[in-house]
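So the structure is just underneath, and the comments pick up after that.
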Amino acid sequence: MTLTQRALNRATLGRQLLLRREPLDVADAVRRVVALQAQQPGRRGPSPAGLSGPL
């Protein structure tokens with residue numbers, strides 16, 4: 001299956017919680033976005049384990 005550029009962009013926006021409102025509290029949204037950033041190869045910054053404490 002091949003994705004069009006538009007479908008790929010929409011999927012990416014959805015994963016980043018930027019496409020529509022999601023019924024998540026702030027802590028869950030932050031965890032989800034941090035987990036996505038951790039998946040990006042070559043990304044430098046805080047580790048997800050270091051961000052697991054209280055907000």
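Coordinate-derived values only; no laboratory data. Quick caveat, the model's predicted, so the values are computed rather than measured. Virtual Cβ from ideal backbone geometry, glycine too; neighbours counted across all protein chains shown.
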| note | Extension length gain for M1 and V34 (0.36 nm per residue less Cα distance), in nm, is 9.1 nm
| message | Net charge around Q16, counting only other residues with Cβ within less than 12 Å of its Cβ (Lys, Arg = +1; Asp, Glu = -1)? | response | +3
